[in-house]
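Coordinate-derived values only; no laboratory data. Because the structure is predicted, anything quoted here is derived from the model rather than measured. Note that we place each Cβ from the backbone using ideal geometry, even for glycine, and neighbour counts take in every protein chain shown.
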Amino acid sequence: MSKTIIIGGSFAGLSCALQAKQLYPDMEVQVFDSQETVGFIPSGMNLVLNHEVDQLEAASFISEKEVRAAGVQLYLGHQVVEVDMKAKWLRVKDLKTQVITDYPYDQLVLAMGSKQIGHLVAHLDHPAIISTKDIGSAHHALEVLEDAGHVVVVGGGQIGIEACEALVNANKQVTLIEANDSLAERYFDADFVEEIEAAIEIVGVDLRVGQKVTAVETEPLRVILEDGDEIYADAILMGVNLFPNSSLVADQVELNSDKTIWTSPYLETSVTDVFAVGDLVQVPYADQGRDFIALVNNAIRSGQIAAFNLKENRVKQATSLRVIGSRIFSQYVVSVAKTEHEANGTSAQP
């Protein structure tokens, strides 16, 4: 009986695990994740503030019980600290007991996802500088927001805009700062975004577009803009874009220039029997080559494809059109394929 280990228990990792158990019922499938819960939706904080769910634990796409019922072995609260792809084992720390154990594997699936990199705050340890990608961070953010009157959101992409709406719904004074010339420039054309920006300003958001944050200071808490303007805040929410969380294996697999992991059409990495899925890989788009964009549908599909290929090459990663959809201040917006910037070769950087 072969054993597949999956590092990461979010959309890509769990979709791979569940698909693998369907395809190979006798395969031992183990999933390791440092979080204590499984299936958390990264926008869970927004759902709570928008009164769409009562608590963060309800912001989940699947339950631990459902995953275990499928025959998947879940190791929650377990952090993978080392991988040896030549010897085919990984070293795992139980975050509760601090006990370290080695686990062998036959196939390995890398599903560590993505992380927010805010270089301006990386050196700061301030409780009111918040993010929301995992459930622990989201719990802390909600606690901070209870007493926060003015919140500065840094980053006007999809993450920042959706958080901005939730904060307005929670009766917070909000300043939204975006360095590019328009909001969500990577996903939507500027003329399309004008209506979105107008809707945001109508509800009282202080919108700062085309203004770059050059520093974050903590005494008192404030952001400093490129023009020297200082904006004081009770909380700063980092809504910056996501980047592949590939550092754990960066010295063992081939990486692309954007730090995604290179894969074959079957999602196998440069190391035999090691696969990468979700936000760790580029997606082949029919109209613009391969690109990295952190999307749930891409994560789920790549996890399922990798499962089919664990024993032999069966299913290729198909090309597709990039589709982005969101609800922004009661407006449903959709983008398909290239933006005008991308078509002209001047696309915004993530």
- Fewest to most Cβ atoms within 10 Å: SER302, SER182, SER137 sort as SER137, SER182, SER302
- Neighbour-count order for ASP291, ASP102, ASP251, fewest beta carbons within 10 angstrom listed first: ASP251, ASP102, ASP291
- In terms of the charge dipole of region 88-226, which places +1 on Lys and Arg and -1 on Asp and Glu at the beta carbon, the residue among GLY156, VAL168, PRO127 farthest towards the positive end is PRO127
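When the chain is fully extended, how far beyond the present Cα-Cα distance does LEU23 get from ALA199, taking 0.36 nm per residue of separation? Please report the intermediate quantities before stating the final value.
On the way: separation 176, 0.36 × 176 = 63.36 nm, distance 4.75 nm.
Between LEU23 and ALA199, full extension yields 58.6 nm more.
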- Note on the structure: Fewest-first ordering of GLU342, GLU194 by Cβ atoms within 10 Å yields GLU194, GLU342
- Query: Roughly how big is region 128-190's charge dipole about its Cα centre, with Cβ charges of +1 (Lys, Arg) and -1 (Asp, Glu), in debye to the nearest 20?
  - Reply: 60
- Query: If R0 is 56 Å, what FRET efficiency do you get for GLU312 and LYS96 from their C-beta distance, rounded to 0.05?
  - Reply: 0.90
- Report the calculated FRET efficiency for ASN344 and ASN256 (r = Cβ-Cβ distance, R0 = 35 Å), to the nearest 0.05. 0.90
- Query: What length, rounded to one decimal in nm, is gained on full extension from ASP147 through to ALA69, with 0.36 nm per residue of separation minus their alpha-carbon distance?
  - Reply: 24.0 nm
- Item | 4 °C / 1.567 mPa s Stokes-Einstein diffusion coefficient of region 175-219, Kirkwood radius on C-alpha pairs, µm²/s | 114
- Query: So, with +1 on the Cβ of K and R and -1 on the Cβ of D and E, and no other charges, what is the size of the charge dipole of region 150-300 about its Cα centre, to the nearest 20 debye?
  - Reply: 440
- Could I have the simple spin-label model distance between VAL323 and ASN171, label points 7 Å from Cα toward Cβ, reported in nm to one decimal? 3.9
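To the nearest 20 debye, what is the magnitude of the charge dipole of region 1-73 about its Cα centre, counting +1 on the Cβ of each Lys and Arg and -1 on the Cβ of each Asp and Glu?
260
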